[in-house]
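Asks: Here you go, one structure.
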Amino acid sequence: MTIGRRPLLAGLAALPLTACDRLDGSPAFRSLLRTGERLTHDTQRLLVDRSALAREFGAGDLSTVFRANGNVTAAGPAYAAHVASGFRDWRVRIDGLVTRPLSVSLDEMRRLPRRTQITRHDCVEGWSAIGQWTGVPLRILLDMVGVQSAARYIVFHCADRFGATPYYESVDMIDARHPQTILAYALNGAALPVANGAPLRVRIERQLGYKSAKYIERIEAVADLGQIGRGKGGYWEDVADYAWYAGI
Ligand SMILES: Nc1nc2c(c(=O)[nH]1)N[C@H]1C(S)=C(S)[C@@H](COP(=O)(O)O)O[C@H]1N2
Ligand SMILES: [Mo]
């Protein structure tokens, strides 16, 4: 059980190994082992694994075409005007339970610290694609706005709609602050295409594709998800009962 070893070994350094020279004879060690055995894999995943990085790939692994799925544009004259002007006047808002709400242009985004990663996108519908994403780590922006301690989730509000309903998604603070969670403005070294969520989409690399919201226009810190959509934290969660936590 390799997952279980990590917390056990981490705990060893703190064990007082007094007169006992054999580790497995130490009562403290034995009780530690029993504790480890009681934890289910699921619990351990929650305790240990959430900060692990998703696998990153090399340039040779890139899919020749990064498929687009779900909405492949946002309807309406406002979005069309943004596309026509290269998103010159576009801004994303970051607000909710934050101390210094912020509105950031695409140009400003590009001047913030960035991260580039080649990852595999897994869609719940049964296809995958490997792409290179570049963007601003979300945690950098969260630190800029000062997320209040009451905030437990980050909600992504999108410009595209299914019928009358704009797409939305949410993650907890662990995924929001995960090092690979970036607000991506580039795919495979070029500006993010409209079909993949231009000008800005989030990458939630430890979860299924529907969590990676495209066409983001507002990022909101909230204390609970009850007021978001129908209360399950995401569009597909609300309309089709998809899992809110879709870990892969
Ligand atoms: N705003 C928005 N985000 C979205 C969707 C969508 O329809 N609208 N579809 C989701 C689903 S199911 C997947 S698989 C991915 C697809 O991203 P892609 O178009 O870059 O392949 O976006 C996700 N994020
Ligand atoms: Mo998907």
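The values are calculated or read from the model by the stated rules, or taken from the named source; none is laboratory data. Note that the structure is predicted; figures quoted are calculated from it, not measured. All Cβ positions, even for glycine, are placed from backbone atoms using ideal geometry, and neighbour counts span all protein chains on display. The protein model used for the area step is the full one, side chains on, heavy atoms only, and it has no ligands, DNA or RNA in it. Shrake-Rupley method; radii C 1.70, N 1.55, O 1.52, S 1.80 Å.
Asks: Does segment 53-240 come out rounded, prolate or oblate by the C-alpha gyration tensor, with a ≥ b ≥ c the root eigenvalues, rounded set by a/c under 1.5 and, if not, prolate when a/b is larger than b/c and oblate if not?
Replies: Note, shape of segment 53-240 comes out rounded.
Asks: Taking a probe of 1.4 Å, how large is the accessible area per residue of segment 93-187, in Å²?
Replies: 41
Asks: Right, another one. Sum up the charges of everything whose Cβ sits under 10 Å from the Cβ of residue 136, counting Lys and Arg as +1 and Asp and Glu as -1, but leave residue 136 out.
Replies: +4
Asks: How high is the relative contact order of segment 53-240? Use alpha-carbon pairs under 8 Å, at least six apart in sequence, and give a whole percent.
Replies: The normalised contact order for segment 53-240 reaches 26 percent.
Asks: Can you give the net charge of the other residues whose Cβ lies under 15 Å from the Cβ of residue 72, counting K and R as +1 and D and E as -1?
Replies: +2
Asks: How far is it, in nm, from the label point at residue 195 to the one at residue 173 when both lie 7 Å from their Cα along the line to the Cβ?
Replies: Placing both labels 7 Å along Cα→Cβ, they lie 3.9 nm apart.
Asks: So, one more: Could you go through segment 146-153 in sequence order and give the Karplus-derived ³J(HN,Hα) for each residue, using 6.51 cos²θ - 1.76 cosθ + 1.60 with θ = phi - 60°, rounded to whole Hz, and x for Gly and Pro?
Replies: With the stated coefficients, segment 146-153 comes to x, 5, 6, 5, 6, 6, 10, 9 Hz.
Asks: Turning to a different aspect of this structure: Need one number: nm distance between label points at residue 63 and residue 115, each 7 Å from Cα along Cα→Cβ, rounded to one decimal.
Replies: Computed distance between label sites residue 63 and residue 115 equals 2.1 nm.
Asks: What does the convex hull of the alpha-carbon atoms of segment 166-233 project to on average, in nm²?
Replies: Over all viewing directions, segment 166-233 projects a mean Cα-hull area of 4.9 nm².
Asks: Something else about it: Work out, step by step, the length gained on full extension between residue 240 and residue 165: first 0.36 nm times the residue separation, then minus their alpha carbon distance; give nm to one decimal.
Replies: Result: 25.6 nm gained on full extension.
Asks: Using Cα centres only, tell me the gap between segment 202-228 and segment 145-193 in whole Å.
Replies: Measuring centre to centre over Cα atoms gives 4 Å.
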